[in-house]
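**Student:** What follows is a structure written as C-alpha cells; I'll ask about it next.
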Amino acid sequence: MGTRSRVGVMHGSTCKSVYCHYDGYLEYTGKLLLDNYDSALANQLVALGDNSGVQNSLEGMNFYSDRGETDVSWQVAHSFEEFLEQVHNCGGEYYYIMRDGEWYAGCIYEAKGLVMNGLTPLADALAANTIEQLTAETTETQIAEVLFK
C-alpha cells in the first residue's frame, strides 16, 4: 500500500496540486522535493499531473496521463481548507506546497516535525525528524527497521 500525498505550487492565493500515489512520507518525497525541485521544476511537476510518486527527476516519474488516463490534471484550491479537502479526498497523508521558492509540508495526523493539518517549512520538518539521517533512497521497510530496533 502506498503512502499517498499531494504536491502543490502556490500561484498568488491559489494552489495547484497533484496526487502522488506512493512514498509520500517526509523522509522520501519531502527530501526529494527539498533537494531536487526548485520553483520551476515544482511547477513542471504539477503541470504534468497525477503520478505514481516523486522521483529524483521528472524524467524518472510515471505520470498517469502518459499511460492514457484522463482526469489526472492538477486541481486548484482557493483556500487552505479546500486544499486539505483535496488531500483527504485522494487518501493523502502528507502534503507539500511550494510558495515563493520555499517548500512547506504537513500531515493529516500527528507526525514529528510537522503540524497536523497545518504547514511547516520543509527544511525545518526534515531537521526535526528522528530519522533524518536516512537518505531519499531508503524504503519504508528500511525505515521501519530503524524505528523498531
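**Student:** Which of the residues spanning segment 1-31 are more than 15 Å from Tyr104 (Cβ to Cβ) and crowded, with 17+ Cβ neighbours inside 10 Å?
**Tutor:** Listed by number, the residues that qualify are Thr3, Arg4, Val18, Tyr19, Cys20, His21, Tyr22, Asp23, Tyr25, Glu27, Tyr28.
**Student:** Going through segment 6-45 one residue at a time, which ones are without any contact (Cβ under 8 Å) to a residue 12 or more places away in the chain and assigned to a loop (DSSP other than H, G, I, E, B)?
**Tutor:** Residue satisfying the conditions is Gly12 alone.
**Student:** Counting only residues that are under 20 Å from Val54 (Cβ atoms) and among the hydroxyl-bearing types (Ser, Thr, Tyr), which one in segment 109-149 is modelled with the lowest pLDDT?
**Tutor:** Thr135
The values are calculated or read from the model by the stated rules, or taken from the named source; none is laboratory data. Please read all numbers here as calculations on a predicted model, not as lab measurements. Glycine also receives a Cβ, built like all others from the backbone with ideal geometry; neighbour counts cover every protein chain displayed.
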